Amino acid sequence: MNNTFSVPRFALLLKKTLLERPMQLVGLSVLALAVVFFSYVLVKSLVGFEEAQVISYVLGLVGGGCFLASFVFGYFSSNAMGSSFLTLPASHFEKWLCAVLITGVFYVLIFLLFFHSIDNLFVEIYHKELDPNGAFYKQLYEQVQPFPYDGFVAKKAATMFVNFAGAMLVGCLYFNKVSFIKVALLIATFWFGSYLINLAIAKVMIKNVENAMPYFLVWIQVHTSEGRIELPAKIMDVVRILIQYIIPSMLWLLAFLRLREKEF
Amino acid sequence: MIQIDNLSFGYNSKKLLYKNLSLQLETGRIYGLLGKNGAGKSTLLKNMIGLLFPTLGTVNVNGFTPKKRLPSFLQTIYLIPEEVYVPSLTIDKYINLFGPFYPKFDKQQFINHLDQLEVKTAEKLNTLSFGQQKKFVIAFGLACNTEVLLLDEPTNGLDIPSKKLFRKLIASEMNDSRMIFISTHQIRDLDNLIDQVVIVDDGRLLLNASVDLIGEKLVFKIVDEVLDVTETLYAEIGMKGTAVVTENRTAEDSKVNLEHLFSAVTDNPVRIKQIFNS
């Protein structure tokens, strides 16, 4: 018997995971998509299209993804549920892969499909409502376009998703109760802490520091103008690779290692 | 077979719950693990199934190291915890989702167990009372036909008729190829059910003996008056006289009283060891 991976056993596990708590799993996904929809509608009417696209995309992918990530290993809030999960005859790898697939593949695909549909729908409605004979028709038409999935926001959101969802997966295996809140607090503390450290270091080394973003950017004030100091390109590349690939890989892998070592 | 060698375990590294515990458990027996509250009964069970890992020493269950939690190992062992978990599923869906993980799971046997334990519902399992949920999980655990079945306080939450049904079911499902290990502090619930008694206290193994051997080594009787206090391992005044436990020097026949045995063993661990080693 293969103790690491068996297709029939994995299929059983996936089926069991999806159907064991269908209301919670579906409910959570529907809730995330509902938040995406309403935030899109609300921000579009209050602020504008571009902002609506950005906010709802980030909320849906990062917020929804993190919520789901905290749920897939959320068996440890009760003794009985945790024991049942850990003693179920499936390998650690299969249990981990199941969580990764649900969070990193299934949810992402559903979200992208949903977001793509509503975004295109709203953009199309907007375009149809424009007067083709109007003076600024072309300008107004081009002003609102479907969300670019290869743009800056999409890339940043993807980076945030892989990092935060990875942290959530690990966090759920460390914190048995209210793990979402605990991990969110940890991430916020880490983010704010690194911002303060960067700001402090920047203030020691550079004069007229206005602000400093965590790890890569410092804003300075020169007379009435504002300028930004960035990391040198080579170092920035290293940092980017670290944040986009290495840290998330480590987090998602750490979830597997933690699951293997989890005592309950 | 379960072989535990020099097991040390503690939730806190400074205060060990078990220190150098060694224990051998054979297949084909129903073991009763007795201990006070907080003695570490559940902890021992969790070490056996791999939910907790020994700080020192080894646990071996039918050739497997539980800590690794390999699927091939988990298919051979089933733990019924004190607090059970049932998802929001009907019985049929539960069978379809959980049964296939256990190669020896027998659906008909499971349905029979549910009948015997009087668990009947078309509703979702989480709408059942705690006692009914517990009986459901007991029925499922037995129907998985694993070589080792661990039960942690199985009678907690069961009413008196259910306790009787539970004992009957366990006795009827026992065979030579399986081992049932029941941990409880409700000692009376195991009367006439277990054939081997394991008593732990203060992280030490005080007794691991068959009921037959206990009957050979100790006498349980009711006397009007305790004549020799030094010979008495345990005495309890009751309505009909004083129940005493003494060493069986004259090969007397008596029925083992688990409650009195437990008190005798925990009150006189050294003498008990001498008696059973002689």
> Within the bounds of region B:197-209, is there any residue that is modelled with pLDDT under 95, outside any strand (DSSP E or B) and either over 30 Å from B:E118 (Cα atoms) or within 17 Å of the chain's Cα centre (by Cα) (or both)?
Replying inline: yes
>> Condition check: closer than 30 Å to A:Y245 by Cβ, of a type in the set (D, E) and assigned to a loop (DSSP other than H, G, I, E, B). Does A:D150 satisfy that?
In response: yes
> Which is more than 30 Å from A:F114 (Cβ to Cβ) and among the small types (G, A, S), of A:A158, A:A200, A:A154?
Replying inline: A:A200
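Scan region A:215-227 and give yes if some residue there is part of a helix (DSSP H, G or I), surrounded by 14 or more Cβ atoms within 10 Å (Cβ to Cβ) and either of a type in the set (A, V, I, L, M) or more than 20 Å from the chain's Cα centre (by Cα) (or both), otherwise no.
Within region A:215-227, not a single residue is part of a helix (DSSP H, G or I), surrounded by 14 or more Cβ atoms within 10 Å (Cβ to Cβ) and either of a type in the set (A, V, I, L, M) or more than 20 Å from the chain's Cα centre (by Cα) (or both).
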>> Residue pairs, Cβ under 9 Å, 6 or more apart or interchain, first in region A:126-142 and free of Cβ contacts under 8 Å to residues at least 12 places away in the same chain, second of a type in the set (S, T, Y) and surrounded by 10 or more Cβ atoms within 10 Å (Cβ to Cβ). List them.
In response: A:L130/A:Y137; A:L130/A:Y141; A:D131/A:Y137; A:P132/A:Y141; A:L140/A:Y126
> Of all residues in region B:26-48, which are crowded, with 21+ Cβ neighbours inside 10 Å, touching a residue at least 40 places away in the same chain (Cβ under 8 Å) and among the charged types (D, E, K, R)?
Replying inline: B:K41
>> Restricting to region B:169-225, count the residues that are surrounded by 15 or more Cβ atoms within 10 Å (Cβ to Cβ), of a type in the set (D, E, K, R) and in contact with a Gly (Cβ under 8 Å, 6 or more places away or on another chain).
In response: 2
>> Kindly evaluate B:K273 against the criterion of being at pLDDT below 95, within 18 Å of B:V197 (Cβ to Cβ) and basic (K, R).
In response: yes
> over 27 Å from the mean Cα position of the chain (by Cα), at pLDDT 90 or above and more than 18 Å from B:D201 (Cβ to Cβ): does that describe B:T242?
Replying inline: yes
> Could you say whether any residue in region A:176-188 is part of a helix (DSSP H, G or I), over 30 Å from A:F85 (Cα atoms) and touching a residue at least 40 places away in the same chain (Cβ under 8 Å)?
Replying inline: no
>> So if I check each of B:L51, B:L89, B:L142, which one is within 26 Å of A:H92 (Cβ to Cβ) and crowded, with 22+ Cβ neighbours inside 10 Å?
In response: B:L51
> Are any residues in region B:42-62 hydrophobic (A, V, I, L, M, F, W, C) and more than 8 Å from chain A (Cβ to nearest Cβ), and if so, which ones?
Replying inline: B:L44, B:L45, B:M48, B:L56, B:V59, B:V61
>> Of all residues being of a type in the set (F, W, Y), farther than 30 Å from A:M1 by Cβ and in contact with a Ser or Thr (Cβ under 9 Å, 6 or more places away or on another chain) in region A:87-122, which is nearest to the other protein chains (Cβ to nearest Cβ)? Just the residue, please.
In response: A:Y107
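Output the strands (runs of 3 or more DSSP E) that fall wholly within region B:28-86 and possess 1 or more residues being more than 24 Å from B:D176 (Cα to Cα), or say none.
Working: elements: B:30-34, B:56-61, B:77-80.
Once the strands (runs of 3 or more DSSP E) in region B:28-86 are filtered for at least 1 residues that are more than 24 Å from B:D176 (Cα to Cα), what remains is B:56-61.
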> Does B:T121 count as surrounded by fewer than 16 Cβ atoms within 10 Å (Cβ to Cβ) and hydroxyl-bearing (S, T, Y)?
Replying inline: yes
> Which residue out of A:L109, A:L13, A:L101 is hydrophobic (A, V, I, L, M, F, W, C), touching a residue at least 24 places away in the same chain (Cβ under 8 Å) and surrounded by fewer than 18 Cβ atoms within 10 Å (Cβ to Cβ)?
Replying inline: A:L101
> Which pairs do you get when a residue that is touching a residue at least 60 places away in the same chain (Cβ under 8 Å) and within 17 Å of B:L190 (Cβ to Cβ), found in region B:128-156, comes within reach of a residue that is surrounded by fewer than 24 Cβ atoms within 10 Å (Cβ to Cβ) and small (G, A, S), reach meaning Cβ atoms under 7 angstrom, with the pair 6+ apart or on two chains?
Replying inline: B:L149/B:G141; B:D152/B:S42
>> What pairs come out if I take residues in region B:88-117 that are within 11 Å of another protein chain (Cβ to nearest Cβ) and pair them with residues that are at pLDDT below 95 and in a loop (DSSP other than H, G, I, E, B) whose C-beta lies under 7 Å away, six or more apart or interchain?
In response: B:S88/B:K124; B:L89/B:K124; B:L97/B:L89
>> Residues that are in contact (Cβ under 8 Å) with a residue 40 or more places away in the chain and within 11 Å of chain A (Cβ to nearest Cβ): does region B:63-75 have at least one?
In response: yes
> Which residues, taken from region B:230-251, are more than 19 Å from B:V265 (Cα to Cα) and either surrounded by 10 or more Cβ atoms within 10 Å (Cβ to Cβ) or not charged (D, E, K, R) (or both)?
Replying inline: B:G238, B:M239, B:G241, B:T250, B:A251
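The values are calculated or read from the model by the stated rules, or taken from the named source; none is laboratory data. Since we're looking at a predicted model, the values are computed, not measured. All Cβ positions, even for glycine, are placed from backbone atoms using ideal geometry, and neighbour counts span all protein chains on display.
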